[in-house]
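Asks: Encoded as structure tokens, here's the structure I'll be asking about.
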Amino acid sequence: MPTPSMEDHIEIITSLIEQKGYARVSDIAEALSVLPSSVTKMVQKLDKDGYLIYERYRGLVLTPKGEKLGKRLVRRHDLLEQFLRLIGVEEGRIYEDVEGIEHHLSWDAIDRITDLVHVLEKSPDVLDRLQELKAEQENEE
């Protein structure tokens, strides 16, 4: 079972590969706001655990195990952003909130949020009511 830090690295690596076609230690370090030496240590651990293949000075490649997990982690992150956006969380807070909660939810909870997002998307009246409630709360403050 990967740790939250391992998940963050795999998620960023997957996103970088999807965006650029590759992921370098320096890109990962920049995305996570950590030192390249910390990324190198984590990448070596992820290599040892079978999530990727890392060759010093040559880069890294996700294994099928790492690719599967990475795609799942990216979907989880995107889903939580979508959910928070749907329920009216301020755009500037969404990324920070997702980072704060994504590692603390079970995959069962993620599946239920997926179901809820589908229901909300098909029920604009519910979304309108959520916006009304938010406006009422803001007026009370």
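Asks: Got a sec? Which of Val34, Val43 is buried (at least 18 other Cβ atoms within 10 Å of the Cβ) and either within 19 Å of the chain's Cα centre (by Cα) or part of a helix (DSSP H, G or I) (or both)?
Replies: Details: Val34 fails: buried (at least 18 other Cβ atoms within 10 Å of the Cβ).
None of the others qualify; the one that does is Val43.
Asks: While we're here: Filter segment 1-29 for residues that are exposed (fewer than 15 other Cβ atoms within 10 Å of the Cβ) and closer than 26 Å to Leu105 by Cα; which is modelled with the lowest pLDDT?
Replies: Within segment 1-29, the match that is modelled with the lowest pLDDT is Met1.
Asks: Does Arg75 meet the test of being assigned to a helix (DSSP H, G or I) and closer than 22 Å to Thr14 by Cβ? I'd like the intermediate steps shown before the answer.
Replies: On the way: assigned to a helix (DSSP H, G or I): yes; closer than 22 Å to Thr14 by Cβ: yes.
The answer is yes for Arg75.
Asks: Oh, and also: If I filter segment 58-79 for residues that are open to solvent by less than 60 Å² (accessible area, probe 1.4 Å), modelled with pLDDT under 95 and closer than 29 Å to Gly21 by Cβ, do I get at least one hit?
Replies: Taking segment 58-79 and keeping what is open to solvent by less than 60 Å² (accessible area, probe 1.4 Å), we get 59-60, 62-63, 66, 69-70, 73-74, 76-77, 79.
Subset that is modelled with pLDDT under 95: 59-60.
Now narrow it down to the ones that are closer than 29 Å to Gly21 by Cβ: 59-60.
Looking through segment 58-79, at least one residue is open to solvent by less than 60 Å² (accessible area, probe 1.4 Å), modelled with pLDDT under 95 and closer than 29 Å to Gly21 by Cβ.
Asks: OK, next. Quick one: count up the residues across segment 65-104 that are in contact (Cβ under 8 Å) with a residue 24 or more places away in the chain and not aromatic (Phe, Trp, Tyr). I'd like the intermediate steps shown before the answer.
Replies: As a first pass, look at segment 65-104 and keep what is in contact (Cβ under 8 Å) with a residue 24 or more places away in the chain: 66-67, 69-71, 73-74, 76-77, 79-80, 82-83, 86-88, 102-103.
Right, trim to not aromatic (Phe, Trp, Tyr) and you get 66-67, 69-71, 73-74, 76-77, 79-80, 82, 86-88, 102-103.
Number satisfying all stated conditions: 17.
So that you can scan it fast, the table gives a plain yes or no per residue for (1) under 16 Å from Arg72 (Cβ atoms); (2) open to solvent by less than 80 Å² (accessible area, probe 1.4 Å); (3) assigned to a helix (DSSP H, G or I):
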residue	(1), (2), (3)
Val89	no, yes, no
Ile94	no, yes, yes
Val98	yes, yes, yes
His103	yes, yes, yes
Ala109	yes, yes, yes
Thr114	yes, yes, yes
Asp125	no, no, yes
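The values are calculated or read from the model by the stated rules, or taken from the named source; none is laboratory data. As the structure is a prediction and not an experimental result, all values here were calculated from the model. Glycine also receives a Cβ, built like all others from the backbone with ideal geometry; neighbour counts cover every protein chain displayed. Note: areas computed on protein heavy atoms with side chains; ligands, DNA, RNA excluded. Shrake-Rupley method; radii C 1.70, N 1.55, O 1.52, S 1.80 Å.
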